[in-house]
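The values are calculated or read from the model by the stated rules, or taken from the named source; none is laboratory data. Since this is a predicted model, take the numbers as computed values, not measurements. Neighbour counts run over all protein chains shown; Cβ positions are idealised from the backbone, glycine included. Keep in mind that these areas ignore ligands, DNA and RNA; they rest on the heavy atoms of the full protein, side chains included. Shrake-Rupley method; radii C 1.70, N 1.55, O 1.52, S 1.80 Å.
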Amino acid sequence: NSAPAIRRYLAEPDPDVRLAAAYALARVGGDRGPYRGALEAGLLPPPGGRGGGLVLAVFARLAPDAPELVPAAAAYLPSLTAHDQKALLAALARYGPAAKAAVPALVRLLEDERSGPPYAELAAALGAIGPDAREAGPVRRRLLDDRAKHPDLDVVSG
């Protein structure tokens, strides 16, 4: 059994190593319960840092079976590149209504006019969440009222 050897990596200073170890242990043991804390801590963005890479890969592989990790993963959205935002939004969409904890972060992303968020993926995630995403409605309507500023926003008009 490789679990004892992998468990040692949970104490490593590198957060990516700890996250990979927690993910491996959760997969090998078939139970992420004992490693939930390590997974959640590993998914939290570093202070002042950027997320991506391993964090997104782990979260996407856990989807849709780890809804308790949605808030930690959603916290990454502002620090991600547009490419990584798309990947995270696609993973959130796989959670469907179980991703409702991400709605406030999705609304903030929708309101972020500086970056021009990936509207198609954002619309897919909000649509997958369903009625629990209704708080995004007023922001979406306000943006749609100003289509000249947001020509690519048609994907969220439905």
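Structure above, values below:
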{"item": "Test: PRO34 is open to solvent by 60 Å² or more (accessible area, probe 1.4 Å) and either over 30 Å from ALA136 (Cα atoms) or at pLDDT 85 or above (or both)", "result": "yes"}
{"item": "Test: residue in region 105-121 that is under 11 Å from the mean Cα position of the chain (by Cα), surrounded by 19 or more Cβ atoms within 10 Å (Cβ to Cβ) and closer than 27 Å to ALA22 by Cβ", "result": "yes"}
{"item": "Positions within region 3-25 being more than 19 Å from the chain's Cα centre (by Cα) and either open to solvent by less than 60 Å² (accessible area, probe 1.4 Å) or modelled with pLDDT under 70 (or both), in sequence order", "result": "ALA3, ALA5, ILE6, LEU10, VAL17, ALA21, ALA24, LEU25"}
{"item": "Selected residue (only one of GLY137, GLY116 is without any contact (Cβ under 8 Å) to a residue 40 or more places away in the chain and at positive phi)", "result": "GLY116"}
{"item": "Residues of region 61-92 satisfying the condition of being within 19 Å of PRO117 (Cβ to Cβ) and open to solvent by less than 30 Å² (accessible area, probe 1.4 Å)", "result": "VAL70, ALA73, ALA74, TYR76, LEU77, SER79, LEU80, GLN85, LEU88, LEU89, ALA91, LEU92"}
